[in-house]
1. Return yes when Ala102 is under 17 Å from Met201 (Cα atoms), modelled with pLDDT of 90 or more and surrounded by fewer than 19 Cβ atoms within 10 Å (Cβ to Cβ) and no when it is not.
2. Could you give me the residue pairs with C-beta distances under 7 Å whose first residue belongs to the stretch 136-160 and is under 22 Å from Asp121 (Cβ atoms), whose second residue is among the hydroxyl-bearing types (Ser, Thr, Tyr) wherever it lies, and which are 6+ apart or on separate chains?
3. Condition (residue is among the polar types (S, T, N, Q), in the same structural domain as Met201 (by TED's automatic domain parsing) and over 20 Å from Phe200 (Cβ atoms)) applied to the stretch 266-285: is it met by at least one residue?
4. Mind checking which helices (runs of 4 or more DSSP H) fall wholly inside the stretch 198-311 and carry at least 3 residues that are at pLDDT below 95 and among the aliphatic types (A, V, I, L, M)?
Amino acid sequence: MDLSQQILAQRYAQDKGVGSPESDTSEVGQRRFDRSHDELPESHAASLSRIIESQIIPRLMLAHRAAQGASPLPPMDAHAPGPETIAEFADIVVSNSVSAAAAYVEAQRTNGMSLESVYIDLLSPTARHLGYLWENDLCDFTEVTAGLWRLQQLLHELSAAFQGDGAGDHASQLSSGRPKLARRALLLPAPGDQHTFGLFMVSEFFRRADWDVWGELPASMEQLISTVREERFDMVGFSVGSDLKLDELKFAIRAVRLESCNKNVTVMVGGPIFVAHPEYVDLIGADMTAADGRDAVIFAEELVMQTEVSN
């Protein structure tokens, strides 16, 4: 750690015995993960490959394992895709162009699939399926990299339509009749993680629910502390790729609570690790987790509202 990080670590170590990210030997710290438009621009290939190899692929493999052990709720859309459709779409994003993948999505929408279902029931499961293909040597690194990049491009292309399609979504239905309140969220990767497909998708759901999502991601712990000191957020959410750095996340959550100008700030964590191990939410000091962007908005609004009423 550099000098500023050492000072921060000493300060937060005094509060409830929370140690620095490098020295923490808690139960959380001892748990470790078991495996460490139509063409991708060459200028981005090297950095993107590093990110995918170190961050995205382990996250997808963990997501697939978590999904295998979970009892998923049935899809809310009657036109939601089944496993065969997921496998077919994964083959398209791996071996074809973005335009081919977009045409497939448009065909699904024409057949009655809502945009919300496209996000939750098609794009997310396809990303997890790519992790399964990689883990079982059914897809090589280049193919997974290209597939994930095309999924990311699809999200960007669908964003405008998705933001204008929120009137009938489930979160809006649950909150109908409530007064619309201005909410602010800071959504960011956990320490050591990168800005990911999943984080972008969750941000889409919060924006569609009229949350003001902070657009400037803090690049360091110092910037995170400065941001929550100067800007008021109702919720701070961390996207977590694996359990490799949960101690650093625990440290960051404690710092957010101590330094936030909103002393009742809600902290949410998300990622496949919390699907597999929901007990980790309490161990790292967060308030809640959610399986997807739709539930994240619902849970965040409920908890923020409860906090406001109780205070």
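The values are calculated or read from the model by the stated rules, or taken from the named source; none is laboratory data. Model, not experiment: these values are computed from the prediction. Glycine also receives a Cβ, built like all others from the backbone with ideal geometry; neighbour counts cover every protein chain displayed.
1. yes
2. That search, which allows pairs on different chains as well, returns Leu151/Thr126.
3. The answer is yes; a qualifying residue exists.
4. 272-276, 293-310
Conditions (1) surrounded by fewer than 20 Cβ atoms within 10 Å (Cβ to Cβ); (2) more than 18 Å from the chain's Cα centre (by Cα); (3) within 30 Å of Ala161 (Cα to Cα), marked per residue:
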position	(1), (2), (3)
Phe206	no, no, yes
Asp212	yes, no, yes
Gly215	yes, no, yes
Thr227	no, yes, no
Ser239	no, no, yes
Leu246	no, no, no
Leu249	no, no, no
Val256	no, yes, no
Thr266	no, no, yes
